[in-house]
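Enquirer: Got a structure here, written out as structure tokens. Questions coming.
The values are calculated or read from the model by the stated rules, or taken from the named source; none is laboratory data. A quick note: this is a predicted structure, and the numbers were derived from the prediction, not measured. All Cβ positions, glycine included, derive from the backbone under ideal geometry; neighbour counts span all protein chains shown. Just so you know, the surface numbers come from the protein's heavy atoms only, side chains and all, with ligands and any DNA or RNA stripped out. Shrake-Rupley method; radii C 1.70, N 1.55, O 1.52, S 1.80 Å.
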Amino acid sequence: MRIEIKEDGTWFHGSNRRFDVLREGSTITQWQALAEAFSHQPSRLGYDDDGIIGHNGTEYGYLYIIDESIKVGVDVYQHPQTTMDRNAEFLTKRDLKVKYIKDLPI
């Protein structure tokens, strides 16, 4: 699957916890459905060529957006050990402010 990063696009993080600052080394993505799936803390996650995501997560989740500008290569970098397609997930190089968007019940 081809995932394109938009320089001024929205970045998402999904978690099973509430907070105001995302810590350095956390995973973010511009693919909202992927962040939502990760919020449920799955031990297995996959998607097909059409972007349909399947996972075994069971945790109640929360969706956040990154609430500041992000530059690829400066603030975030490609996850080096991902099994997903290029541009699916990035790791943060510093703490980032987040804004809570919504609850994600199972």
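Enquirer: Please state the relative contact order of the chain as a whole percent: Cα pairs under 8 Å, 6+ residues apart?
Expert: Relative contact order, the chain: 37 percent.
Enquirer: Using the Cα centre as the reference, give the magnitude of the dipole from point charges on the C-beta atoms of the chain (Lys, Arg: +1; Asp, Glu: -1; all else neutral), rounded to the nearest 20 debye.
Expert: 300 debye
Enquirer: From the backbone phi of region 32-37, what are the Karplus-calculated ³J(HN,Hα) couplings (6.51 cos²θ - 1.76 cosθ + 1.60, θ = phi - 60°) in whole Hz, Gly and Pro given as x?
Expert: Here the 3J(HN,Hα) series is 4, 4, 5, 4, 4, 5 Hz.
Enquirer: Loop-only trypsin sites (Lys or Arg not before Pro) in region 7-106, please: DSSP not H, G, I, E or B, and at most 15 other Cβ atoms within 10 Å.
Expert: Arg17, Arg18, Arg23, Arg44, Lys71, Arg86, Lys93, Arg94
Enquirer: Still on this model: Length gain on complete extension for the stretch Lys71 to Glu4, per 0.36 nm per residue less the alpha carbon to alpha carbon distance?
Expert: Additional length available on full extension: 22.7 nm.
Enquirer: Continuing with this model, one more query. For the chain, give the share of DSSP beta bridges that are antiparallel, in percent and rounded to the nearest 5; count only bridges with both residues there.
Expert: 95 percent
Enquirer: Let me ask something else. Output the direction-averaged projected area (hull surface divided by four) of the convex hull of the alpha-carbon atoms of region 1-59, in nm².
Expert: Result: a mean projected hull area of 4.8 nm².
Enquirer: Per the helix-only calculation at 222 nm, which mean residue ellipticity applies to the chain, given -39500 (n - 2.57) for every DSSP H run of n ≥ 4 and division by its residues, nearest 500 deg cm²/dmol?
Expert: Taken over the chain, the calculation gives -1500 deg cm²/dmol.
Enquirer: Report in % the part of the accessible area of the chain that belongs to carbon and sulfur, leaving out ligands and nucleic acids; probe 1.4 Å.
Expert: 44 percent
Enquirer: Express the accessible area of the chain per residue in Å², computed with a 1.4 Å probe while the remaining protein chains stay in the model.
Expert: Here the residues of the chain average 60 Å² of exposed surface.
Enquirer: In square angstrom, rounded to the nearest 10, how much accessible surface does Val21 have for a 1.4 Å probe?
Expert: Spelled out: Val21, probe radius 1.4 Å, area about 60 Å².
Enquirer: Based on the alpha-carbon set only, what is the convex hull volume of the chain divided per residue, in Å³?
Expert: 94 Å³
Enquirer: A further question follows. Leu45: net charge of surrounding residues, Cβ under 15 Å, Lys/Arg +1, Asp/Glu -1, itself excluded?
Expert: -4
Enquirer: For Met84, Met1, give the ranking by accessible area with the largest first, probe 1.4 Å.
Expert: Correct descending sequence by accessible area is Met1, Met84.
Enquirer: Please return the longest stretch of the chain lacking exposed loop sites, where GluC sites (Glu not before Pro) count only if DSSP places them in a loop and at most 13 other Cβ atoms lie within 10 Å.
Expert: 25-67
Enquirer: May I pose another question? Rounded, prolate or oblate: which fits region 63-106 when a ≥ b ≥ c are the square roots of the eigenvalues of the alpha-carbon gyration tensor, with rounded for a/c under 1.5 and prolate only if a/b beats b/c?
Expert: Since a/c reaches 1.5 but b/c is at least a/b, the shape of region 63-106 is classed as oblate.
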